[in-house]
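The values are calculated or read from the model by the stated rules, or taken from the named source; none is laboratory data. Not measured: the values here are computed from a predicted model. In this analysis, Cβ positions are derived from the backbone assuming ideal geometry, glycine residues included, and neighbour counts consider all displayed protein chains.
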Amino acid sequence: MPRTLRQKRKDKDRQGLYVFGAVIAAALLLVGLYFVAASNRIATDPNTLCPETGSYPHTIVLVDKTDAFTASQRRLLGTVIRDVGAELKQFEKLSIFVLDDQNFRAPTPSFALCNPGDGSEANQLYENPRKIQAKFEATFGEPLDRAIEALAMAETAPRSPIMEMIEEVAIREDMAGAARPQRLILFSDMLQHMPSDYSQFQDPVDFEWFEASPYAASVKTNLGGASVEIVYLLHEDYVKRQTRRHIIFWERYIRWISGDLQEVRPVR
């Protein structure tokens, strides 16, 4: 028996209701997902982009600017820091400190931000990866590039307080927690030079001699098991000083202050 026009209209109305209901259900699902995501969103400090509560991994790069860099060392500096920045997961922090003969007591970092997230892990159902990426570049990527550019130039200084600077960054509030991974990268020739205290230009490069000195106690600190990497800047003028004996001194020093030395990477 052929269907009447009224029956056909009822069928179309029923189909329309099904479609409308499906659209509403999908919209409610998206709204629900959005509010769930919003409720799980971590509150961050607007200045550092770091979580306001809890702990987070922290990488510190310490750049020794007490001697001039070679062209290859300048290039490597930018590469190392950019690689570190790219390796950070969301909410992990990167700080950069400049070591010179003035800035070694209560130093201010030239860069200190957490990775806010670059959109690579965004849920495309309710997040906008492009918008997140743009925010990442504006708040983290571009400031990091500016910080790297400012690090490129270095000048000879009358002192090189490497141990003092390590002590300062080790006692920072966000480097002291042993419950989270930590990483310290030293970009330096590692030639400690504090003429009135201890200088590797005039005193023995011998760890036992150093450890027995009154000065050692004044700079001893505790890295709490932090991972340490040394980008060892070689200089033509210091060939007789930058020896295997010198590296062994620093290997022992890092162990003495409870650091976990992962690598010493010589760079000319």
* Asked: What number of residues within region 63-79 satisfy the criterion of being in a helix (DSSP H, G or I) and more than 15 Å from E236 (Cα to Cα)?
  -> 6
* Quick one: would you say S227 is among the polar types (S, T, N, Q) and in contact with a strand residue (DSSP E or B) (Cβ under 8 Å, 6 or more places away or on another chain)? -> yes
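For residues that are of a type in the set (S, T, Y) and more than 25 Å from R75 (Cα to Cα), scanning just region 232-268, find the one that is surrounded by the fewest Cβ atoms within 10 Å (Cβ to Cβ). Walk me through how you get there before you give the answer.
As a first pass, look at region 232-268 and keep what is of a type in the set (S, T, Y): 232, 238, 243, 253, 258.
Filter once more, keeping what is more than 25 Å from R75 (Cα to Cα): 253, 258.
Working: Y253: 22, S258: 15.
If we take residues in region 232-268 being of a type in the set (S, T, Y) and more than 25 Å from R75 (Cα to Cα), then S258 is surrounded by the fewest Cβ atoms within 10 Å (Cβ to Cβ).
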* Return yes when Q192 is in contact with a strand residue (DSSP E or B) (Cβ under 7 Å, 6 or more places away or on another chain) and under 22 Å from F104 (Cβ atoms) and no when it is not. => yes
* Just one of the numbered conditions (1) closer than 28 Å to A152 by Cα; (2) part of a helix (DSSP H, G or I); (3) more than 29 Å from the chain's Cα centre (by Cα) is not true of R241; which one? -> (2)
* Any chance D189 is of a type in the set (D, E, K, R) and modelled with pLDDT of 85 or more -> yes
* Asked: Does region 215-231 contain any residue that is in contact with a Lys or Arg (Cβ under 8 Å, 6 or more places away or on another chain), at pLDDT 95 or above and over 21 Å from L77 (Cα atoms)?
  -> no
* Asked: Just one of A150, A212, A179 is surrounded by fewer than 17 Cβ atoms within 10 Å (Cβ to Cβ), at pLDDT 95 or above and of a type in the set (A, V, I, L, M); which is it?
  -> A212
* Asked: So how many residues does region 214-245 have that are of a type outside the set (S, T, Y) and within 20 Å of A68 (Cα to Cα)?
  -> 11
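Check D174, D203 and return the single one that is modelled with pLDDT of 95 or more, among the charged types (D, E, K, R), assigned to a loop (DSSP other than H, G, I, E, B) and in the same structural domain as L94 (by TED's automatic domain parsing).
None of the others qualify; the one that does is D203.
Return yes or no: is G224 out of contact with any Asp or Glu (no Cβ under 8 Å at 6 or more places or on another chain) and in contact (Cβ under 8 Å) with a residue 60 or more places away in the chain?
Details: out of contact with any Asp or Glu (no Cβ under 8 Å at 6 or more places or on another chain): yes; in contact (Cβ under 8 Å) with a residue 60 or more places away in the chain: no.
For G224, the condition - out of contact with any Asp or Glu (no Cβ under 8 Å at 6 or more places or on another chain) and in contact (Cβ under 8 Å) with a residue 60 or more places away in the chain - is not met.
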